Each structure stands twice: as structure tokens, then as C-alpha cells.
Amino acid sequence: MSSAVEAISCSKVDVPAGPEPDESAAAAAKAKSAAAAASPAEHGECGEVTPHCHEDEEDEEEAPKVIDLGPRVSIKDQLEKDKDDESLRRWKEQLLGSVDLNSVGETLEPDVKIMSLSILSPGRPDIFLPLPVEPNAKGVWFTLKEGSPYRLKFTFSVSNNIVSGLRYTNTVWKTGLKVDRAKEMLGTFSPQLEPYTYVTPEDTTPSGMFARGSYSARTKFLDDDRKCYLEINYTFDIRREWPSTS
């Protein structure tokens, strides 16, 4: 809509009323030339939309507003700074939680490793999804029953530094059309030896004739800096019944 409005305004030419015949012809020629030069359809100069490369075409959510907190400092430096101030030291310990210094490196960048993914459904054995995924692996990664409740369980480790705003995104396509987009904020985590575990709220698989079939999907784990720690492209099925466990 806005591009159309811009195109109209760019090609609009005001012609003064009542010119002399020769002046009218000259004005018309000038107007035609100006309109041709301004045409967005032919020259792309007015109302042009400049393409912007995104990490993912389907990832259209607004990037989180970044608050400038100053230069990033390693956790070791944070703990060493003002270490003689007892109240400040306790406040840092409370803020950082049970930070394990063995998991803290000299680098300022956090390191997150997704250790395991699984699907939990009441009354069913947990579905453990193998990691790492083999490159160019073919076949269905897992199969779910239509209309079934399920949760996702993530196990991951954090080292080197605090990871802020870790989140999970999942985009699903069926026959080439995007049919679902899920986002889940996991939170902010400090380094520690023990892995973290996160279980998503319960959801339900779609049901019905049109819901059954094969899907393709892309899962990502990112932080507030849009650093991607894991990206998985895979296929899965939704069927009338659960697959046999034998």
C-alpha cells in the first residue's frame, strides 16, 4: 500500500493552467520525460524496497531492544573486582548464583551446548532425539500421534560467561507452506558444571485428515545477541496412531 502511494506521488506532475500552445507541447514533453524517469516499475528508483538479508526469511519477529550495559566483563574479573567489599561480594554471589569457576574461561563470550532433546507425552515412553544430528541425514526424525499432549525437554550446559535471553524457536512447514511458528524464552543462565534442564508448557499435536502427514521443520537455540548455538533441519510425521515401540 505505501509503495503504491509513493509511486503515485513520484509520477505526479503539476502542469500550470493556460500555457501558450508551444509552451504546452514543451511542458507535456518535459512531463512525459519526468514521469518516465520517476517510474518505479521501470527504473526502481521511487518506492523501491531494498531487500534486507535476514538469517532466516521466516524469522520476522522484532529483534529485542538491546540495552547498552557497557563493555562485557568476564565473570572472573567481576568476582575479583571489589572483592574486599563484603556486602558487594555477597550481592554478586546472590546475583550470579552458584557459578563454578571451573566452568568460567577467559573469553567473554558464553558457550552453550545443547546436550539432549526429548519429547514427553503422558503414558508414553520418552522420545529421545539423538544429538548431534548427522549432516544430510535422511528420513523421519520422529513420529507423533494426532491430538496428543506433549512437552519438550531440553538439557544444556553453560560455560565461560552468563548467557542472556536464551530462547528456542521452531518453524514448521507442510507441503511447502509455513503452518506453525513457536518461540519459547528459556531465560538467563550463569556457568555451572551441572547441566540445566528446561521443560516447555504442554501443547497438543493437531488432529484431523489435513493434519496427518509429513512435515519439515527448523529448530534454533539463540540468545539476546542472536548468536545461534544449535540449528537443526529435520522432518517428522503426524499419524493416526503412535508408532510401534517393539
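FYI, it's all coordinate maths here, none of it is from the lab. The model shown is predicted, which means the values in this text are computed figures rather than measured ones. Reconstructed Cβ throughout: ideal geometry from the backbone, glycine too, with neighbour counts over all protein chains shown.
Brief remarks on what is shown
- Phi-based couplings in Hz for the stretch 183-197 (Karplus 6.51, -1.76, 1.60; Gly and Pro marked x): 9, 9, 7, 7, x, 10, 9, 9, x, 7, 5, 6, x, 8, 10
- Fully extending the segment from THR107 to VAL179 would add 21.9 nm, taking 0.36 nm per residue of separation and subtracting the current Cα-Cα distance.
- Rough spin-label spacing in nm, given labels placed 7 Å along Cα→Cβ, for GLU86 and MET209: 7.6
- The value for the stretch 151-246 of Rg(Cα) / (2.2 N^0.38 Å) is 1.28.
- When the C-alpha to C-alpha distance is required to be over 23 Å, the pairs from LYS145/LYS227; LYS145/LYS178; LYS113/LYS178; LYS113/LYS174 that qualify are LYS145/LYS227; LYS113/LYS178; LYS113/LYS174.
- Highest average first, the peptides 210-217, 108-115 ordered by how many other beta carbon atoms sit within 10 Å of their residues are 108-115, 210-217.
- Simple spin-label estimate for CYS228 and SER216 gives 1.5 nm between the two label positions (7 Å along the Cα-to-Cβ direction from each Cα).
- Charge tally for ARG151 (other residues, Cβ to Cβ under 13 Å; Lys, Arg +1; Asp, Glu -1): -2.
- Estimated at 0.36 nm per residue, the fully extended path between VAL199 and LYS138 surpasses their Cα-Cα distance by 19.2 nm.
- Amide hydrogen proximity for SER148: with H placed 1.01 Å from N in the peptide plane, the residues at 5 or more positions away or on another chain lying under 5 Å are THR205.
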